[in-house]
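In what follows, a single structure is set out as structure tokens and then discussed.
What follows is calculated from the coordinates using simple rules that are stated; it is not laboratory data. What you see is a predicted model; the values in this text were computed from it and never measured. Using ideal geometry, Cβ is built from the backbone for each residue, glycine included, and neighbour counts are taken over all protein chains shown.
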Amino acid sequence: MQIASPGGLLIEGKSFTDLDEDGLSLRWRAWYPPTYEDRQYEAQALQLNLASGAMSRESAVAALAPTYDIEDVDSELQAIEKDQKDALDREVTLAKATKPPKPPGGDDQ
């Protein structure tokens, strides 16, 4: 690999020279914001990968992070876990509150 500039590759004002071509890769952001359909397809693909065990929840959140401005994947995972626990707690509370009364005589039939 030849770098055209004699000063190397310039990244944020810093020059990098003698780069190993096998260790160099570039990631380009999308040119245009994702459409609703793009987001839907991405969510479906991530859901399928999660359900099949091909991807971890952490990787799925990391994949969505740029689209949804998630700055801290670990914090987002903790928030998701808390939301799920809170939902389960609400279900348990509701189940207890709506439990039918015991029949007269103490029979549970």
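Tabulated values for the structure
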{"item": "Fewest-first sequence of TYR41, TYR36 by Cβ atoms within 10 Å of each Cβ", "result": "TYR36, TYR41"}
{"item": "Length-normalised contact order of the chain in % [C-alpha pairs under 8 Å, at least 6 apart]", "result": "10 percent"}
{"item": "Cα gyration tensor of the chain - equivalent ellipsoid semi-axes, whole Å, descending", "result": "53, 15, 13"}
{"item": "Within the chain, longest stretch clear of exposed GluC sites (Glu not before Pro) (DSSP loop, no more than 13 other Cβ within 10 Å)", "result": "13-70"}
{"item": "Distance (nanometres) between label positions extended 7 Å along Cα→Cβ at SER25 and LYS96", "result": "5.0 nm"}
{"item": "Length released on extending from GLN78 to LEU10, taking residue separation times 0.36 nm less the Cα-Cα span", "result": "20.8 nm"}
{"item": "Rounded to 10°, Cα long-axis angle of helix 36-52 versus longest principal axis of the chain", "result": "70 degrees"}
{"item": "The chain: most fluctuating residue of ARG27, ARG90, ARG39 per GNM, C-alpha cutoff 10 Å", "result": "ARG27"}
{"item": "Angle in degrees between helix 57-68 and the longest Cα principal axis of the chain, rounded to the nearest 10", "result": "70 degrees"}
{"item": "SER15, SER25 arranged by Cβ crowding within 10 Å, fewest neighbours leading", "result": "SER25, SER15"}
{"item": "0 to 90° range, to nearest 10: angle between helix 73-97 axis and the chain longest Cα axis", "result": "10 degrees"}
